[in-house]
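Here the structure is laid out as structure tokens; the discussion comes afterwards.
Throughout, read-outs are computed from the coordinates displayed, never taken from laboratory work. As the structure is a prediction and not an experimental result, all values here were calculated from the model. In this analysis, Cβ positions are derived from the backbone assuming ideal geometry, glycine residues included, and neighbour counts consider all displayed protein chains.
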Amino acid sequence: MPMLIGVPRETAAGERRVAVVPEVAKKYLALGAELRIEAQAGAASSCSDADYVGASVAADAAELYGSAQVLLKVAPPTIQEIAAMKPGTVLIGYLQPYQDAARIKALNERTITSFAVELIPRISRAQSMDALSSQAAVAGYLCTLIAANACPKFFPMLTYAAGTIRPARVLVIGAGVAGLQAIATAKRLGAVVEGYDVRPETREQIESLGAKFVDVGVSAAGTGGYARELTEDEKRLQAEKLGKAVALADVLITTAAIPGKRSPVIITEAMVAGMKNGAVVVDMAAEGGGNVAGTRADQTVQVGGVTIFGPTNLPSRMPVHASEMYAKNLFNFLSPFIKGGELALDWEDAIIAGSCLTRDGELKHEGVKKVLGGSL
């Protein structure tokens, strides 16, 4: 009998994305699976129930959770949502594995087999499944638009009858997917752009986008594509040289986040105090505490003449394309294991094994075990 894939309507405050869009729904159906969406699941992403041709519609969440064998979500489920799931359900989505021991306990109590998109291994074969990267690209783009909208200067050079207006100077901290997208967007808008990252291999990527690399003489190359934490001496050297670039910037965008850990504070109070009057800061790492001293999540803070924005869950502000990208990531993760409409997970597969959070009532991910320790 074909498995039933369920797609609930997201209930987290401000969440407008959906885990399956109509285009991807057709692909699941073509593999022989059944699909059921909760009524209005895609409404905030401009997808009507009628757009999901071939899928059934559940009147409410209780009906969906009580029938689905596989659940595809965006935001982590609440304890109440987990309690409504059938024992043995397969759950795939954001699960914030390092942050919420209570959620993991609830998943284990219901013997939910859960896969966290945050844990998908960063290997070549998994690139098309990398939801963190796809959503970071959305966030990087939007950070730049927020900055451009708030900046009291033109981004591009402007020539008019009385002379020439110089372009704004934009500095982007962090050259991961979000940072590179922010750099590319700022360049398209005509700004003079500089980029900085503690990983030396990013220099070529930054310069390939037409930006100047800020070299502070500190390398923090880490493992798995992430930067390692700097020593105190390295932080002092970084602050000294980076402070000069910050002082010249009209716009500062910071994107440095470490999964499962607090965002590193890179821009100190002294650096903020040294910025120009009218300068704008957009701290994409606000949800993890922020890269900038003074950042407050979901708030706009005025520090002297500097305005600091701390937006969170940016991809939800562009739900149509963010949902499309996320839905394709989940399909690429799940589809290789749909055989004749049924789910056949390969536990020897590195991606399946590496992204599994809970199974058979146990926490399976060793990295999460180390972080949460005795809290489970």
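Values computed for the structure shown
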item: Test item: Cα-centred dipole of segment 136-316, Lys/Arg +1 and Asp/Glu -1 on Cβ, debye; result: 380
item: Order of R110, R317, R125, R17 under a 10 Å beta carbon neighbour criterion, fewest first; result: R125, R317, R110, R17
item: Residues whose placed amide H lies under 5 Å from that of V193, excluding near-sequence neighbours; result: V170, K212
item: Interchain or long-range residues, amide H under 5 Å from A58's placed H; result: I37, E38, A39
item: Point-to-point label distance, S335-A102, nm (Cα→Cβ direction, 7 Å offset); result: 3.8
item: Over the chain: helical MRE at 222 nm, DSSP H runs n ≥ 4 each giving -39500 (n - 2.57), nearest 500; result: -9500 deg cm²/dmol
item: Links that overshoot a 18 Å alpha carbon limit, given the list K153/K276; K153/K241; K328/K369; K187/K235; K26/K339; result: K153/K241; K328/K369; K187/K235
item: Antiparallel DSSP beta bridges within the chain, percent to nearest 5; result: 30
item: Amide proton proximity set for L357, modelled H, under 5 Å, gap of 5+; result: S114, F115, A116
item: Cα-derived Rg to Rh of segment 152-295, Kirkwood definition; result: 0.98
item: Under 19 Å from the N149 label point (7 Å along Cα→beta-carbon), backbone N, segment 296-326; result: 296-302, 307-323
item: V193, V306 arranged by Cβ crowding within 10 Å, fewest neighbours leading; result: V306, V193
item: The chain: relative contact order in percent, alpha carbon pairs under 8 Å with at least 6 residues between; result: 20
item: Dipole magnitude (debye, nearest 20) for segment 252-376, charges at Cβ of Lys, Arg, Asp, Glu; result: 380
item: Alpha-carbon centroids, segment 123-172 and segment 232-250: separation in whole Å; result: 21
item: Backbone HN-Hα couplings from phi across segment 60-72 [Karplus 6.51/-1.76/1.60, Hz, Gly and Pro as x]; result: 8, 5, 4, 5, 5, 5, x, 10, 6, 8, 10, 10, 10
